[in-house]
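Novice: Let me give you the structure first, and then I'll get to my questions.
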Amino acid sequence: MKTICIISSLDTKGIETFYLRDKIRQLGKNPFILDISMRLAEGMNADISPHNVAEAGGSTFEEILTSHERAKITAIMTKGAATLALNMWKEGKLDGIIGMGGSTGSLMATDVMRALPFGVPKVMISSTAALPGMSTRYIDIGDIALIHSVIEISGLSDILKNVMDRGAYAICGMVDAPTLKTVYDIKKKHVIALTMLGPCEKCASYVRTFLEEKGYQVIGFSAAGIGDRAMEKMVEQGLFNGVIDLAPGGVIEHLVGGMRDAGPNRMEAAGKVGIPQIISTCGVNHITPSKSKYTDDHKSRRKYDLDKFRTWLRASPKELVRTAHAFAEKLNRSKGPVKVIIPLQGWSSVDSPDSPTYDPQEDKLFITELQKELKPDIELIEIEANMEESAFAQAIVNASLEMFT
C-alpha cells in the first residue's frame, strides 16, 4: 500500500486535515499526518507531532511556543519537517506528499516538498496560490502540482470538500504511476541534460535531434535562472550521465545580480558527481539587471532588446574577466572530464555583427583569462563560427559522442 504524507497545521486546519486523511484512506492509500503547528492543537494528534518536528529542526516545541521570533521558529519547524520527510522517503516509508494551507502554511509545506527529490509526487492545496508572486515562490524549482482552493481552507463546506476530494484523487493517482527511479534504472545509460535559451535554440535543437537519433535521451532546461538551477539539483540526484551546458549565463548573472541569476552553485553539480560536461557561452557576455534597478552605467551600455519585456545589456570587460575566474574555479574542481567549446563569431543569435552588443575583442578577454586559469587537463576549443551556425553545433555533437559514449 502506497504511503502518503499529509503536511498541515492542526492548530488551524485540524478538521480539514482529518477529512483529507480519511478521503485518502478511502481511496486505498496509507496516509499519515506531519503536523507543523507552531501552537498547541488541543485534542488533535498527528502521526508526527510538532514536538518531533521541532526536535528534528534542532530545537524543542517549548521553545517554539515561547518564542516571539516568528521567522526563526518557522525556519526551525520547516527544517525539522523537511528532515523527517526526506528520511522517511530514503527509508521507503513515503511515496507522495500533499499539503494544505494559507500563506505561511503553503510556504512551509512547499519548502518541505522541495527537499524531496524530483519525481516524488507532490500536491499543494493553497488558498493563496493566486496572490501575486506566491505561486512562483511555492513552486520555485520543485515539481509541485499546485491547486488553488479559491476559498479559504476553513470549515467543511461542500465546496471545500470538493477541493479536498480533488486533491486526494490527484495525489493518489500520482503515487500509482511508476516511480522515476524505476524508469531511469532501465533507461539511464544515455541521459543527457542540456541547457538552452531562445538565442541558442537552433544549436540546442540540432544537438538534441542528433543525439536522440543516436539513442540518447536529451532533457532540456531553460537557462533563465529557474530551469538551470533545477538542473543542478537533478544532476546531484543522479538522473543524468552527462551535461551539455550551452547557456551558463546564470553564473555571470549571479555575480552582477541579474534576472537570470541561478544561484551560487550554478555549474558545479556535474563536477561534484563526476559526470562528463561540455561547457559553452550562450548569454555569458550579456547581463539582465532589473530595469527598475538600472544604474547610470547600465543606462549607458550597449543593449539588445529581445522583445518589449526583455533587454540584454553588454557585459563589461571587468565583468567578463571576473566571470572567467568564476568559471575556472568551478570547473577546476570537477571530478569528471570537462571540455569548454567557445564560438569566436558570436555567443548567440543576439551576438552577431549586426547587433549593437557584438564585440568579439572583448569576448577574447574572457577566453584568454579562462584559458590561463583552467587546469591543463581541461580542453578549451575555439570554433570559427557563431553559436547558431551548424559548424558550431556539429562541434558540440562531436564532443558529445566522444565524452558520453
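The values are calculated or read from the model by the stated rules, or taken from the named source; none is laboratory data. Everything quoted here is computed from the prediction, not taken from an experiment. Here the Cβ is made from the backbone with ideal geometry for all residues, glycine too, and neighbour counts use every protein chain on show.
Novice: I'd like the full set of residues that are in contact (Cβ under 8 Å) with a residue 60 or more places away in the chain and crowded, with 20+ Cβ neighbours inside 10 Å, limited to the range 199-215.
Specialist: Pro199, Cys200, Cys203, Val207, Leu211
Novice: May I pose another question? Restricting to the range 271-288, give me the number of residues that are out of contact with any strand residue (DSSP E or B) (no Cβ under 8 Å at 6 or more places or on another chain) and farther than 17 Å from Ala385 by Cα.
Specialist: Number satisfying all stated conditions: 3.
Novice: Give the residue, chosen from Met196, Met113, Met124, Met134, that is surrounded by 14 or more Cβ atoms within 10 Å (Cβ to Cβ) and more than 24 Å from Thr74 (Cα to Cα).
Specialist: Met196
Novice: Report those helices (runs of 4 or more DSSP H) wholly inside the range 179-283 carrying at least 3 residues which are at pLDDT 95 or above.
Specialist: Filter on the range 179-283 gives 201-213, 227-236, 250-256, 269-273.
Novice: Under the condition of being touching a residue at least 24 places away in the same chain (Cβ under 8 Å) and under 30 Å from the mean Cα position of the chain (by Cα), which residue from the range 358-373 is farthest from Ala385 (Cα to Cα)?
Specialist: Glu373
Novice: Separate question: Which count do you get for residues in the range 364-384 that are more than 21 Å from Gln277 (Cβ to Cβ) and of a type outside the set (Lys, Arg)?
Specialist: 3
Novice: For the range 319-328, indicate whether the set of residues that are under 27 Å from the mean Cα position of the chain (by Cα) and exposed (fewer than 14 other Cβ atoms within 10 Å of the Cβ) is non-empty.
Specialist: no
Novice: Would you please name the residue that is nearest to the chain's Cα centre (by Cα), looking only at residues in the range 118-164 that are among the polar types (S, T, N, Q) and outside any loop (DSSP other than H, G, I, E, B)?
Specialist: Taking the candidates together, the pick is Thr136.
Novice: Which condition breaks for Asn52 when tested against (1) in contact with a strand residue (DSSP E or B) (Cβ under 7 Å, 6 or more places away or on another chain); (2) within 17 Å of Ile97 (Cβ to Cβ); (3) without any contact (Cβ under 8 Å) to a residue 40 or more places away in the chain?
Specialist: Evaluating Asn52 over (1) in contact with a strand residue (DSSP E or B) (Cβ under 7 Å, 6 or more places away or on another chain); (2) within 17 Å of Ile97 (Cβ to Cβ); (3) without any contact (Cβ under 8 Å) to a residue 40 or more places away in the chain leaves (1) as the failure.
Novice: Shifting gears a bit: Please go through the range 97-117 and pick out each residue that is in contact with a strand residue (DSSP E or B) (Cβ under 8 Å, 6 or more places away or on another chain) and of a type in the set (S, T, N, Q).
Specialist: Ser106, Thr110
Novice: Ok, one more. In the set Gly225, Gly249, which member is free of Cβ contacts under 8 Å to residues at least 40 places away in the same chain, surrounded by 15 or more Cβ atoms within 10 Å (Cβ to Cβ) and in contact with a Gly (Cβ under 7 Å, 6 or more places away or on another chain)?
Specialist: Gly225
Novice: From Ser400, Ser349, which residue is under 27 Å from the mean Cα position of the chain (by Cα), assigned to a loop (DSSP other than H, G, I, E, B) and assigned by TED's automatic domain parsing to the domain that holds Ile244?
Specialist: Going through Ser400, Ser349 in turn, just one is under 27 Å from the mean Cα position of the chain (by Cα), assigned to a loop (DSSP other than H, G, I, E, B) and assigned by TED's automatic domain parsing to the domain that holds Ile244: Ser349.
Novice: Within the range 137-172, which residues are buried (at least 19 other Cβ atoms within 10 Å of the Cβ), within 16 Å of Ile15 (Cα to Cα) and touching a Phe, Trp or Tyr at 6+ places or on another chain (Cβ under 8 Å)?
Specialist: Residue satisfying the conditions is Met164 alone.
Novice: Being of a type in the set (Phe, Trp, Tyr) and either over 29 Å from the mean Cα position of the chain (by Cα) or under 22 Å from Asn162 (Cβ atoms) (or both) is the filter here, so list the residues in the range 1-59 that pass it.
Specialist: Residues satisfying the conditions are Phe18, Tyr19.
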